[in-house]
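First comes the structure, then the notes that go with it.
The values are calculated or read from the model by the stated rules, or taken from the named source; none is laboratory data. Keep in mind the model is a prediction, meaning the values are calculated, not measured. Glycine also receives a Cβ, built like all others from the backbone with ideal geometry; neighbour counts cover every protein chain displayed.
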Amino acid sequence: MTAVLRLSYLSLRTWLRERITLFWSLFFPVFVLVLLSAIFGGADEERYMRFHIGLVNLDREAEHADFSNMVEQAFAHLAEPKAEGREQLFVLNTPGEEEDPEAFLDRTREALRQGHLAAVVVIPAGFSETVGAALHGTAAFLQAEVKLLYNHGDSGSELAASIVEQVLADLNRQVLVQANLYERDQEVPASSSWVGTADGAVRYVDFLLPGVVLMAFLTNGLFGVPGSILYARDERILRRYWVTPFTVRKYLVAYSMATLAMCALQLALLWALGSGAFGARVPLAAPLPGLYLLLSAVTFLALGFIIASLSKTANAGMSIANILNMPMLFLSGIFFPVTGLPVALQVIVYANPVTYLVDGLRVSLDVGAGKLPPWSTVVVPLLWIAVAVAVAARKLQWDVDQ
Amino acid sequence: MKQFAALTRSELTVFVRDRATFLVTFLFPLVFILIFGFIMGGEDVERVAVGIHIAEGADGEVLREVLSQRTGLEHQTFAAYHDLEKALQDREVDLGIGWDGDELSFLFDPAMVQRQGALSQLAAGVASDVNLRRQGLEEVLVAEREHVGRAAAANWFNMTVPAIIAFSILSAGVFAVSGHIAAMKERKILDRLIVTPMRPLLFLLAVMTVRLIVVYISTLITLFTAMGVFNVTFEVDWFRYTLLVAASTVGMMGFGALITLVVRRPSSAGNVANVLVIVMMFLSGIFFPVEIMPPFLQALSRVLPLTYMAAGLRHATGVIDMTGLRFFAITAALAALALVLIPALARYVVRPERR
């Protein structure tokens, strides 16, 4: 047992001394967590959104331009820097005092076409008059149109257009309230909830953190086994063990313990960063999530052994791991949900053990609804472990001359 | 010329034999197109499936009317709230709405992070419309949308395919230097080559020639696969396309040279290149709008070469408009990056490695 513990400790120390291992096992998952949290941390709210939009009021010169000015002011208000650390929603481009609005409109339209602006709001001439007529019932079913220029297919422009529509919807209510037509106290309350969670909204970092932890474990398993055992075999380092009383079984136990220790280190680092820097609240150390994490680490280690068993050299093993890594990550729902796939890709999704483990882990952490039957999130990974043990027992070569 | 031809031949042989690089160059863009195409491209940002549940005894007519009048929105009614939850979990619907006669409740899927902003806006819009209708009012102000971009920019996929091609050029160019040449340096292969009459610049030209050929072929395969599998149409300006792909490839080799020159240890250069490539992938607006990111990341996005490469390729494939001046400025800037940094890399090739 002492020898096993000693080898396990030495393996871990060796990995921690290797820059490449430090990079992929520790730095890279941390980097992904920081990057995705920074990008999407505010995506579910308007905290970070900022759109460059154009606003042209062609009704400004009208005799009673109250309503067009109101629209203009509403957008100007949203373009002011907000209090409490919130950013402004719009950066407004409006014509200068002396500038011809029509010429400005042509210029902003071109800027939108070229992607320099996300949307352009055009208040047409006669707008205020139309609003007035609609409010006072002088014309039936009259609506005042605001032209919204946008770039279909550009997701930034689409989002900007949706937000502009929302601003106009708020203005609608404001205008109707002023005209004593709309009663705010008659509004129906609206609430939001998240499917599959017990207590309210799920923050993105809580959704992301378990996925990044599994990604880190997957990297250990897929690349670790071919990168360590096969290299040691190809360089004839393993052969030296086999002339000592140290057996393959003991070597495997030591190697597995070192891998689990590395996983624990990754978990501690990512959890500390996620909760300390980004406010993650997922209870990763609770019994059920802990068991899923352990099952994940063992499953990925087993996958690494399958790769090692089917590869003639360490380089071939690393190539197979490289090929499998991306589809396993992206066709599992680890970062984004996978929907609408053709049958061929669905087969990969359902054969992929990461799909089951990430589903089970997130349900156990209460950060999402399980898409799969709960039993499958345990049984399928266990089946993969069984297959790996069977394949490795038959195929894995422990010496170059075997 | 004979020397150049021999070096190019040998580089081509090395490239074809190097399975990992071969796969990265040809397979990864296709994997990206297929995976992201099916995961995200199939979801037209304007088409939303909404599931509704009307509680027993509540009148859901107003809600149904509001949903029917919204363009690009399909709705279906679920008899039980549990069924609505399940449909959302199974991603049969994108948004759930419950109405009990007194309160609207919107149900979201926490995993749909890439559409969260748009779905929240939709929910707010529906609530607003329901309130108006319940008080017997019509909207006074309405937004009339008008698409002003190119006709080819019909969906998310049109914007993304050229961007993925730009990303594959970035990877191939950067790793040709930070991976391939740095590895040759580390394995002391360059040390052996420099004692021959081979001129370092000629060697680099051979590497560039091979990369230009394979990257161009790879971009064509990606483009035609996207057109064939996803039925996307592009109006390609082949002159501009070819020019930009060539300038981007050598420009990114120049960028790789910069990394290799700054990060002295060859193996670390590969790691730094990996980090920079991934940073660019996420921050250049390829998959997600830059506008949802914090301001400092938006500012960073504007200085990344991939942002401009993607814009240039979108223009060359007829997806977005761009002035000729801007297009050629981007192309020239990328080519200049290569012209400045590749000669510096030639000195790196012959520089003895620190021990």
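Going residue by residue through the range A:121-140, is there one that turns out to be at pLDDT 80 or above, touching a helix residue (DSSP H, G or I) at 6+ places or on another chain (Cβ under 8 Å) and closer than 26 Å to B:GLY318 by Cα? Taking every residue of the range A:121-140 in turn, at least one turns out to be at pLDDT 80 or above, touching a helix residue (DSSP H, G or I) at 6+ places or on another chain (Cβ under 8 Å) and closer than 26 Å to B:GLY318 by Cα.
A search for C-beta distances below 6 Å between a residue of the range A:156-173 that is facing chain B (nearest Cβ under 7 Å) and any residue that is charged (D, E, K, R) and in a helix (DSSP H, G or I), counting only pairs 6+ apart in sequence or on different chains, returns A:GLY156/B:GLU291. State whether the residues of the range B:91-109 include one that is farther than 24 Å from A:TYR204 by Cα, assigned by TED's automatic domain parsing to the domain that holds B:THR331, among the aromatic types (Phe, Trp, Tyr) and at pLDDT 85 or above. No, the range B:91-109 has no match at all. Have a look at A:VAL243, A:VAL248 and point out the one that is in contact (Cβ under 8 Å) with a residue 12 or more places away in the chain, farther than 21 Å from A:VAL380 by Cα and among the β-branched types (Val, Ile, Thr). The unique qualifying residue is A:VAL248. Looking at this structure, is B:ALA183 assigned by TED's automatic domain parsing to the domain that holds B:ASN271, among the aliphatic types (A, V, I, L, M) and under 24 Å from the mean Cα position of the chain (by Cα)? For B:ALA183, the condition - assigned by TED's automatic domain parsing to the domain that holds B:ASN271, among the aliphatic types (A, V, I, L, M) and under 24 Å from the mean Cα position of the chain (by Cα) - is not met.
Of the residues making up the range B:169-199, those that are surrounded by fewer than 24 Cβ atoms within 10 Å (Cβ to Cβ) and in contact with a Leu (Cβ under 6 Å, 6 or more places away or on another chain) number 1. Taking residues in the range B:82-107 that are touching a residue at least 40 places away in the same chain (Cβ under 8 Å), and partners anywhere that are basic (Lys, Arg), the pairs with Cβ atoms closer than 7 Å and at least 6 places apart or on different chains are B:ASP94/B:ARG115. Which residue is farthest from B:ALA346 (Cα to Cα), if the candidates are limited to the range B:241-262 and must be of a type in the set (Val, Ile, Thr) and in contact (Cβ under 8 Å) with a residue 60 or more places away in the chain? Per the criteria, the residue is B:VAL245. As an exercise: evaluate A:ASP185 against (1) over 35 Å from the mean Cα position of the chain (by Cα); (2) in contact (Cβ under 8 Å) with a residue 40 or more places away in the chain; (3) more than 7 Å from chain B (Cβ to nearest Cβ) and give the number of the one condition it does not meet. Looking at each condition in turn, A:ASP185 falls short on (2). A single entry from B:ALA269, B:ALA273, B:ALA344, B:ALA336 fulfils the requirement of being in contact with a Leu (Cβ under 7 Å, 6 or more places away or on another chain), under 24 Å from B:ILE181 (Cα atoms) and in the same structural domain as B:THR209 (by TED's automatic domain parsing): B:ALA344. Scanning the range A:348-361 turns up no residue that is of a type in the set (Asp, Glu) and touching a residue at least 60 places away in the same chain (Cβ under 8 Å). Right, A:ALA62: modelled with pLDDT under 75, crowded, with 17+ Cβ neighbours inside 10 Å, outside any helix (DSSP H, G or I) and touching a Ser or Thr at 6+ places or on another chain (Cβ under 9 Å) or not? Yes; evaluated as a whole, the condition is true for this residue.
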